[in-house]
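The values are calculated or read from the model by the stated rules, or taken from the named source; none is laboratory data. What you see is a predicted model, and the numbers here were worked out from it, not measured in a lab. Positions of Cβ are backbone-derived with ideal geometry, glycine not excepted, and every protein chain shown enters the neighbour counts. Areas reflect the complete protein model, heavy atoms only, side chains present, ligands, DNA and RNA absent. Shrake-Rupley method; radii C 1.70, N 1.55, O 1.52, S 1.80 Å.
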Amino acid sequence: MKSLVMDLRFALRGLMRSPGFAAVAILTLALGIGANTAIFSVVDAALLKPLAFTEPERLTAVYSAFPTMGYEKFPISHPEVKELGERTRTLSSVAAWVTGGAPVSGGIEPMRVRSAYCTASLLPTLGIGPAMGRWYTEDADRPGGPDVVVISHGLWQGAFGADPNILGRSIRVDGEPRQVVGVMRPGFDFPTPGIDVWVPIELDHANPGGRGSHYLSAIGRLAPGETLESARAEMAELAARSKSEDDQMHTLDVDVHPLRVFPLHTDLVGNVKKPVLLLLGAVGFVLLIACANVANLLLARAEGRMKEVAVRAAVGADRLRLARQFLTESALLGLLGGTAGILFAVWGLDAILASMPKELPLLQAARLDGRVLAFTVLVSLGTGLLFGFAPVLAVRFDDLHAALKATGQRATAGLGRARLRRGLVIIETALAVVLLVGAGLMLKSFRALSIQDPGFDPENLLTAEIELPRTDYPDDAEISGFWERLCERIEVLPGVASAAAVGGLPPTRRFNANDVYVDGYVPTPPARGGNVDFWQIADERYFETMGIELSSAYPGGRLFERGDREGSETVCIVNEAMARKFWAGRNPLDGWLNNDGPDNPDRFRVVGVVRDVKQQGLEREVGTELYFPLAQSLSSAGARRLMNVVVRAERDPRALVGPLRTLVHEIDPLLALANVRTMEAVMSESLLGQRALAGLITVFAALALLLAAVGIYGVMSYSVAQRTNEIGIRIALGAQPAQVLRWVLQNAMVLVVVGLVLGVGGAFALNRSLQGMLYEVSSADPLTFVGVALVILAVALLASYLPARRATRVDPLVALRTE
């Protein structure tokens with residue numbers, strides 16, 4: 001310990017004597033370690049930390065599945081939840097819910113919040129309880145049970161001012177008075193982020209409804225002694241038993257309609273794992289480049305300390321003692337760099353979380369906690385040892401006697417040390433190439449996404465959600481009438497060109513995957529009917545307001561009209577994708593379909609085919625879509641309490657936010673606007689994940705390029721300084737400045753080209769993992785590789801030009817006299 005303290009003191013004094021070297025080394029390490037700390041905090045929150053529930057490893061997500069239609073995770077139906085609760089032995093408890101929005105009022109300004117209608121078994125299944133009060137009981141979860149509600153900690157603090165008497169207070173949720181019985185713990189974000197009220201779902205198991213109504217999400221807890229494999233085997237048994245009892249539409253079937261169980265943590269992580277690990281790999285490359293830079297700095301510094309090392313060896317220091325001194329100094333540098341890196345990490349994590357979609361609760365839970373700081377300490381020590389070995393390996397102890405005799409003379413670098421420095425530059429260049437290629441591919445993919453045609457015109461559009469309370473609007477006809485009156489009044493507002501109401505808002509919405517029966521369409525077995533991805537309820541001005549045009553491939557059709565109302569012929573409109581699928585080679589106009597079977601006389605005539613609209617994300621293929629007129633919604637799928645209002649403005653749509661709020665408040669003071677955004681903002685938010693990933697990869701690639709350029713500059717500067725005598729001789733013998741410049745640049749370019757070749761090979765190998773995250777771009781895109789090569793060569797040329805230029809100005813007399 002005494003020797004270690006002495007080594008630390010000596011290392012600290014050495015850094016204080018070389019403040020420039022120390023500052024550059026610490027800053028370089030701080031950038032690399034800070035980036036790794038910030039990304040690791042995200043990885044830790046999303047992938048490594050267990051869920052904050054009791055025995056979270058025993059929690060499973062439960063889904064229906066339709067593998068023949070490509071749905072491996074599909075919402076579960078009420079009859080399936082009922083059967084699970086009654087028949088399963090591998091799951092000790094099962095909970096189900098449906099999420100949405102709900103108007104909330106009662107002593108507060110009316111607002112629309114995110115809601116979860118859950119079974120009473122939800123929190124017992126998770127193994128937790130609320131922070132205040134209690135969770136509701138099974139009595140409240142039966143039809144006709146007590147009207148209670150549990151609210152979030154954020155809603156309690158924000159809307160109710162952290163009222164200590166909140167328990168027992170009555171508030172209106174979806175128009176119904178409910179008693180607050182509990183307040184959830186801070187940060188509780190289950191089943192989805194942003195939930196503010198949890199309400200009993202009141203499933204009536206005596207009348208579970210049709211098996212085709214898949215609208216519930218579900219989780220289960222493995223019973224003691226059971227495993228995920230045993231639960232999956234039981235799901236297959238339940239499917240086989242269900243099919244033998246009732247082989248009807250949507251009956252469970254091992255091949256066509258099985259039940260799936262997944263670890264809950266894996267299910268919540270979803271598609272986040274691959275991008276997060278990609279970012280971790282990227283910052284790992286940045287840290288390696290930073291280590292290579294610092295190793296080069298230490299090698300250069302070691303050249304000047306050969307005399308010191310020789311003296312210490314002469315007075316009795318052995319190899320191990322000298323190596324320990326070098327490693328102590330590098331470890332100290334690593335810890336100082338890690339300490340400074342924490343400051344970068346604090347700023348970087350805030351920027352990363354701000355760029356991430358808010359719908360990813362595990363990512364948003366990332367914090368610089370004790371686990372992350374422990375990781376930072378380990379990385380700091382590890383990097384210190386990694387680059388600290390460079391000067392240890394470079395010191396030739398059999399040369400120490402020669403170094404001791406070189407009094408007053410500049411000792412030239414050994415061949416081995418020069419090779420090591422050049423090798424580090426090659427490694428830096430190769431790593432930077434891999435990152436730059438990845439960033440180029442991601443940017444090209446994001447650009448391809450951002451210029452996608454969504455199928456409508458997003459310019460000058462304002463959108464908002466409105467939900468009508470159940471008790472205030474109990475009648476379907478009254479609901480449809482409200483939306484019609486609202487849009488009529490919006491259209492007379494100054495600055496409004498048109499307004500409409502629609503059920504699902506593009507470009508990202510939940511899919512419906514409902515069955516329909518189309519005249520002349522023969523489904524491929526085992527399917528018994530057609531399946532449509534999206535059902536839309538829209539009024540007659542929707543297509544005009546959104547700028548959705550009739551398809552030119554199916555002329556003669558029309559859009560919805562004022563006369564398409566209750567009592568008139570029921571009509572519908574399909575998109576091009578649906579026309580191609582169900583009427584292949586035929587004209588769908590004047591064809592018919594229904595959703596109750598081929599023998600049902602209630603049919604909808606197809607009156608028009610419209611262009612495809614992106615509904616499941618700009619990066620996904622267009623799905624089939626079926627439109628019903630709002631005024632006939634009672635004949636199609638029932639009236640909608642929750643609708644999106646779209647308003648096309650004559651100028652800036654943001655100027656209509658205030659008048660729109662005022663108008664809605666005049667119509668019904670208890671209604672609230674939610675998610676008021678321009679359509680351009682909606683489009684931007686739909687690309688938030690891709691933008692964040694492309695942006696972060698680009699930032700890390702730029703940082704890697706900068707560090708690589710600094711490394712090239714440092715090596716070439718040191719090489720010129722070490723070879724001043726040789727350069728002086730060349731000039732004295734008649735070498736022109738241009739020849740000296742070319743000679744130095746050639747030496748640099750050889751290293752860069754070797755690194756470039758290695759980097760391109762590494763990029764070909766590693767960037768295949770990007771293919772699933774790229775849109776309309778190949779992981780071997782030649783333009784990206786060529787562009788990266790040109791950038792690397794240009795930056796390397798600039799970084800080596802400055803020391804090369806300095807070499808041309810060497811005075812041979814001064815150089816020889818100095819030598």
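The table for this structure:
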read-out	value
Karplus-derived 3J(HN,Hα), 6.51/-1.76/1.60, for each residue of region 686-696, Hz, glycine and proline x	5, 9, 4, x, 5, 5, 4, 5, 5, x, 5
Solvent exposure of region 1-151 as accessible area per residue, Å², 1.4 Å probe	41
Cross-link partners of LYS614 among aspartates and glutamates (Cα-Cα below 13 Å; sequence separation of 8 or more within a chain)	ASP453, ASP457, ASP533, GLU576, GLU625
0 to 90° range, to nearest 10: angle between helix 228-245 axis and the chain longest Cα axis	20
Volume per residue that the Cα convex hull of region 147-192 spans, once the total is divided by residue count, Å³	79
Farthest toward positive dipole pole in the chain [+1 Lys/Arg, -1 Asp/Glu at C-beta], among GLY101, VAL788, GLY187	VAL788
Placed amide H near VAL256: partners under 5 Å, 5+ positions off or other chain	none
Rg and Dmax of region 525-684, Cα atoms only, in Å	17.5, 54
Top positive-direction residue, dipole computed over the chain with Cβ charges, set TYR215, GLY337, PHE628	GLY337
All aspartates and glutamates inside 18 Å of LYS243 as judged from Cα atoms, apart from same-chain residues fewer than 8 positions distant	GLU80, GLU83, GLU86, GLU234, ASP253, ASP255
More than 13 Å apart - percent of Cα-Cα pairs taken over region 415-473	79
Alpha carbon centroid spacing (whole Å) that separates region 58-75 from region 233-298	12
Interatomic Cα distance distribution for region 1-129, bins of 10 angstrom, percent	9, 18, 21, 17, 10, 10, 13, 2
Translational diffusion coefficient (Stokes-Einstein; Kirkwood radius from C-alpha pairs) of region 459-507 at 25 °C, 0.890 mPa s, in µm²/s	198
Accessible area per residue in Å² at 1.4 Å probe, computed on region 412-540	39
Largest-first principal axis extents of the Cα set of region 480-523 (Å)	51, 23, 18
Whole-Hz ³J(HN,Hα) from phi, Karplus 6.51 cos²θ - 1.76 cosθ + 1.60, for region 70-83, glycine and proline x	x, 9, 8, 10, 10, x, 9, 9, 4, x, 5, 4, 4, 5
Dipole in debye (nearest 20) - the chain, about Cα centre, beta carbon charges: Lys, Arg +1; Asp, Glu -1	6020
For VAL148, distant residues with modelled amide H under 5 Å away	GLN179
Residues of type aspartates and glutamates that LYS444 reaches as a straight line, Cα spacing below 16 Å, ignoring anything fewer than 8 places off in the same chain	GLU619, GLU776, ASP781
Sequence-separation-based contact order of region 531-602, relative, with Cα cut under 8 Å and 6+ spacing, percent	25
Sulfur and carbon atoms: percent of accessible area, the chain [1.4 Å]	58
Per-selection Rg to Rh, the chain - Cα, Kirkwood hydrodynamic radius	1.08
Whole-number percent relative contact order across the chain, with pairs defined as alpha carbons under 8 Å at least 6 apart	16
Computed label-point distance, nm, for sites ALA240 and ARG620 using a 7 Å Cα→Cβ extension	3.4
Other-chain or far-sequence residues with amide H under 5 Å of GLY106's (modelled H)	ARG172
Scaled radius of gyration (Cα, divided by 2.2 N^0.38 Å) that region 494-603 gives	1.16
